[in-house]
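The structure appears below as structure tokens.
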Amino acid sequence: MPTKKKRQIVTDTTLPSALEPKDACPAIYTGQKLLDKRPDTYARVVQELASGKPVTRIARDNKVSPETVSAVMNRERESIQAVESMTKSLTTYASQTALIRLVEKLEKDEVPATLLPVCWGILRDHTRKDQGMATHTLEVRKTLTLADVKRELEEMKSEAIDAEVEES
């Protein structure tokens, strides 16, 4: 019924359960149904998991639930880890090979020396990322407290000169 009063929700916590524990049916996701009905999608989900794509995006792109993607991830953990390991090895090899060729080209003056820092930084970041290391370093030089800021302001005020401005 329509009313202008704000409704207050009251939940009765004393009511007995409507279901018996044996009648409850928990949802258990295994990915088996996806494997049986759409094996190509199942394989694509595994590949995308191995490439590091987010679960929610994989679910949306393949029209499956995120729970199913998580179940596939748990079920195919070994396969995914094997692909990730192989990818890391290939990336490391490619990085080393590219670096060697870059140095050779630099020695022959075929590449401007200004490109070296950029190329090296990109290669190094990818190698460190694949090894699970940090790719960015933040340096904190000094931290300021409120007392430090107030002291600075007081020093600035003490050095200030009083002046009057006359308009002509």
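Taken together, the values in this text are just the output of simple stated rules run on the coordinates, not laboratory data. These numbers come from a predicted model, not from an experiment. Quick reminder, even Gly has a Cβ in these numbers, built from the backbone with ideal geometry, and neighbours come from all protein chains shown.
Specify the longest stretch of the chain that does not include any exposed loop site, a site being one of the trypsin sites (Lys or Arg not before Pro) with a non-H, G, I, E, B DSSP assignment and at most 13 other Cβ atoms within 10 Å.
Maximal segment without exposed cleavage sites: 64-107.
Can you give the relative contact order of the chain as a percent, counting alpha carbon pairs under 8 Å and 6+ residues apart?
Relative contact order here is 13 percent.
Would you list, by chain and number, the aspartates and glutamates whose Cα falls below 13 Å from the Cα of residue 33, excluding same-chain residues fewer than 8 positions away?
Here the aspartates and glutamates satisfying the reach criterion relative to residue 33 are 67.
For the chain, return all DSSP H helices satisfying: extent of Cα atoms along own axis at least 24 Å; mean Kyte-Doolittle hydropathy at least -1.0.
77-107
Per 10 Å bin, what is the whole-percent P(r) computed from every C-alpha pair distance within the stretch 63-110?
Bin by bin from 0 Å, the calculated values are 23, 25, 20, 16, 12, 4.
Over the chain, with a single point scatterer placed on each C-alpha, what log10 of the ratio I(q)/I(0) does the Debye formula yield at q = 0.10, 0.11, 0.16, 0.17 1/Å?
Once normalised to I(0) and log-transformed, intensities are -0.80, -0.83, -1.06, -1.10.
With runs of 4+ DSSP H residues as the only contributors, calculate the mean residue ellipticity of the chain at 222 nm using -39,500 (n - 2.57) per run, divided by the residue total and rounded to the nearest 500.
Working: 7 runs with 96 residues, N = 168.
When only DSSP H runs of four or more count, the value is -18500 deg cm²/dmol.
Sort 111, 140 by Cβ crowding within 10 Å, fewest neighbours at the top.
Sorted ascending by nearby Cβ count, the order is 140, 111.
Considering only 83, 103, 45, give the residue with the highest GNM mean-square fluctuation for the chain, with springs between Cα atoms whenever their separation is below 10 Å.
Its mean-square fluctuation being the largest, the pick is 103.
With the crude spin-label approximation of a point 7 Å out along Cα→Cβ, what separation in nm comes out for residue 84 versus residue 15?
So the two model labels end up 4.5 nm from each other.
Within the chain, what is the longest stretch that has no GluC sites (Glu not before Pro) placed in a DSSP loop and near at most 12 other beta-carbon atoms within 10 Å?
Working: sites that count: 110, 139, 164, 166, 167.
Longest run free of exposed loop sites: 1-109.
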